[in-house]
Amino acid sequence: MTMAMPQISELSSNWWALALRGTVGILLGLLAFTMPGITIAALVTLFALYAFVDGVLAIMAAIRGVREHDRWGWMLLEGIAGIFVGVVAFFVPATGAIALVWLVAAWAILTGVLEILAAYRLRRLIAGEWMLLLAGFLSVALGFLIAMRPGIGLAVIATWIGAYAFISGIALLVLAFRIKKWAHEHA
């Protein structure tokens, strides 16, 4: 089954929606740069909600496992842990922020190690695998720096989210006006 491509008329008539998305992205980026505390609070709240909902869903899966005589004990423990983490992160945001920083640090380290291993395996197949190796080492270094300095890690996370929102907002805004111009020229 092939996916239908949007018609040019659909894109050109909705250029304003892209422009609005771009404007919101730029504003969110600026907000993250100028008020990183709000960005961090929003991230911790999302992390808390995710952990809580994931815990509830895991408990529901455990209950279904009991009914179907499957193994359910680990799923129940996972659910209880998720709900606990979600509640703690929501009501004690500083703890949630530290947990989020540790999660990002662990992700960066794990990703870096996997990139280093991939570069090692690719060294005989392609030229330029050193770039993947470098990316892996940088990711591991970033992970350790974030883990060693969680306060700075929070600021780095907020800054990167701000940079992403700002740059993608500009890109969407430019695209929106290019589509508007194209539609005007071809009307």
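The values are calculated or read from the model by the stated rules, or taken from the named source; none is laboratory data. Note that the coordinates shown come from a computational prediction; the quantities given were computed from them, not determined experimentally. Every residue, glycine as well, gets a Cβ built from its backbone with ideal geometry; the counts of neighbours run over all protein chains shown.
Structure summary
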read-out	value
So residue 48, is it free of Cβ contacts under 8 Å to residues at least 40 places away in the same chain and buried (at least 19 other Cβ atoms within 10 Å of the Cβ)	no
Residue identified as part of a helix (DSSP H, G or I) and under 30 Å from residue 185 (Cα atoms) among 66, 85, 24	24
Qualifying residue in segment 83-92 (condition: loosely packed, with under 13 Cβ neighbours inside 10 Å, modelled with pLDDT of 90 or more and not hydroxyl-bearing (Ser, Thr, Tyr))	yes
Residue within segment 6-15 that is closer than 30 Å to residue 186 by Cα, modelled with pLDDT under 90, of a type in the set (Phe, Trp, Tyr) and in a helix (DSSP H, G or I) present	yes
Output for segment 128-143, where each listed residue is within 19 Å of the chain's Cα centre (by Cα) and closer than 13 Å to residue 104 by Cα	139, 140, 142, 143
Residue in segment 89-102 that is nearest to the chain's Cα centre (by Cα), counting only those that are more than 10 Å from residue 146 (Cβ to Cβ), part of a helix (DSSP H, G or I) and among the hydrophobic types (A, V, I, L, M, F, W, C)	100
Residue among 154, 134, 114, 138 that is within 28 Å of residue 25 (Cβ to Cβ), modelled with pLDDT of 90 or more and part of a helix (DSSP H, G or I)	138
Residue match in segment 52-60 (condition: of a type outside the set (Phe, Trp, Tyr), loosely packed, with under 13 Cβ neighbours inside 10 Å and either outside any helix (DSSP H, G or I) or touching a Lys or Arg at 6+ places or on another chain (Cβ under 9 Å) (or both))	no
Checking residue 31 against (1) farther than 14 Å from residue 86 by Cα; (2) in contact with a Leu (Cβ under 7 Å, 6 or more places away or on another chain); (3) in contact (Cβ under 8 Å) with a residue 40 or more places away in the chain, the condition it does not meet	(2)
Within segment 152-187, tally of residues that are closer than 30 Å to residue 117 by Cα and either in contact (Cβ under 8 Å) with a residue 12 or more places away in the chain or not aromatic (Phe, Trp, Tyr) (or both)	11
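Listed here are the residues, each with its yes/no results for (1) surrounded by fewer than 15 Cβ atoms within 10 Å (Cβ to Cβ); (2) out of contact with any Asp or Glu (no Cβ under 6 Å at 6 or more places or on another chain); (3) over 30 Å from residue 48 (Cβ atoms).
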residue: 81; (1), (2), (3): yes, yes, no
residue: 104; (1), (2), (3): no, yes, no
residue: 124; (1), (2), (3): yes, yes, yes
residue: 136; (1), (2), (3): no, no, yes
residue: 164; (1), (2), (3): yes, yes, no
